[in-house]
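The values are calculated or read from the model by the stated rules, or taken from the named source; none is laboratory data. Computed from a predicted structure; not experimentally measured. In this analysis, Cβ positions are derived from the backbone assuming ideal geometry, glycine residues included, and neighbour counts consider all displayed protein chains.
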Amino acid sequence: MITSMTGYGKAVHQLSDKKITVEIRTLNSKNLDLNIRLSSLYRQQELPLRQVVAKSLLRGKVDFSVHIEQTGVTANSKLNLELVEDYMKQMAQLEGVLFENSGHKLKLLEMATRFPDVFSQESNEAPKEDVSAIQKTAEMAIIAVQEYRDEEGNVLELEFNKRITNIKELLEQVIEEDKDRLAGVRTRLEKAVSDLKEKVDQNRFEQELIYYLEKYDITEEKVRLENHLNYFVETMANPESQGKKLAFISQEIGREVNTIGSKANNASMQQMVVQMKDELEKIKEQLLNVL
């Protein structure tokens, strides 16, 4: 199967006092390039998260972010009185009321304490419940990314099959065109020699002719190209995505196509080779996204 390196996944987990959101975005890259954004309170979780991501996503440029939104007051939270008072003064100015008025002051106090950042953790260690929740949310986000990558991979697989089929059809045309090509080359050479009206050593001429025709023979290239095309399709069917292997096979396909083009000495066949190269370039371009 084909798996894309392009993907997106998001997972949300609600605790009693906070909401944890994990977002993952991935793009193509030769190796794993992982960037994790995480609150300083939970930095001790960065290494375990890196290990989980590396084991699951394997390759690509990965942006991994964990956002924690406070939705309630925790048992070990401490009220930041200076910040509360500052919020109250700002809201009083907006409403055009006197901050000293006791009735309005109580209302402003109720509003100010709703802001999540007015509460700070007394402990420097992340609660175990939070750590466990982050891990579970990260796993859910990774699953979402993998599903996205698989869907993108299905689209790529359809594209690759289409391009490989096009190259195979062009190869069949080359094989058909090649049937009488060498015989035509031989006829032209024999005519050219006879036109010289010079007596030649027939044995020597036959030896040189055979050597010349062998240089233009593409039998091996046609066989190898067909094998490479079949191998490409077989590799796509592998249960695990084989992006690097497919890239190597595409290089071998290109090598055989180039050799056929250089040996063809035939305008029609060379046009077919150009079309093959065009199809192959489209394959190579999309292979950059394959895991």
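Within segment 3-41, which residues are closer than 14 Å to GLN70 by Cα and either of a type outside the set (A, V, I, L, M, F, W, C) or in the same structural domain as LEU246 (by TED's automatic domain parsing) (or both)?
HIS13, GLN14, SER16, ASP17, LYS18, LYS19, THR21, SER39
Any idea which of (1) of a type outside the set (A, V, I, L, M); (2) within 15 Å of GLU139 (Cβ to Cβ); (3) surrounded by fewer than 18 Cβ atoms within 10 Å (Cβ to Cβ) is the one GLU23 doesn't satisfy?
(3)
Could you please tell me which pairs satisfy a Cβ distance under 7 Å, a separation of 6+ or placement on different chains, a first residue in segment 263-290 that is free of Cβ contacts under 8 Å to residues at least 12 places away in the same chain, and a second residue that is surrounded by 15 or more Cβ atoms within 10 Å (Cβ to Cβ) and assigned to a loop (DSSP other than H, G, I, E, B)?
none
Filter segment 6-18 down to residues that are assigned to a strand (DSSP E or B) and of a type in the set (Ser, Thr, Tyr), then give me how many there are.
1
Among the helices (runs of 4 or more DSSP H) contained in segment 19-135, which hold 2 or more residues that are among the β-branched types (Val, Ile, Thr) and either at pLDDT 75 or above or in contact with a helix residue (DSSP H, G or I) (Cβ under 6 Å, 6 or more places away or on another chain) (or both)?
The qualifying helices (runs of 4 or more DSSP H) are 46-57.
Of all residues in segment 222-237 being in contact (Cβ under 8 Å) with a residue 60 or more places away in the chain and in a helix (DSSP H, G or I), which is surrounded by the fewest Cβ atoms within 10 Å (Cβ to Cβ)?
Top of the filtered list is VAL233.
Confirm whether VAL52 is within 21 Å of ARG149 (Cβ to Cβ), in the same structural domain as GLN135 (by TED's automatic domain parsing), of a type in the set (A, V, I, L, M) and more than 22 Å from the chain's Cα centre (by Cα).
Considered against the rule, which asks whether it is within 21 Å of ARG149 (Cβ to Cβ), in the same structural domain as GLN135 (by TED's automatic domain parsing), of a type in the set (A, V, I, L, M) and more than 22 Å from the chain's Cα centre (by Cα), VAL52 comes out as no.
Condition check: at pLDDT below 95 and closer than 28 Å to LEU246 by Cα. Does ILE175 satisfy that?
Taking the combined requirement at face value, the residue satisfies it.
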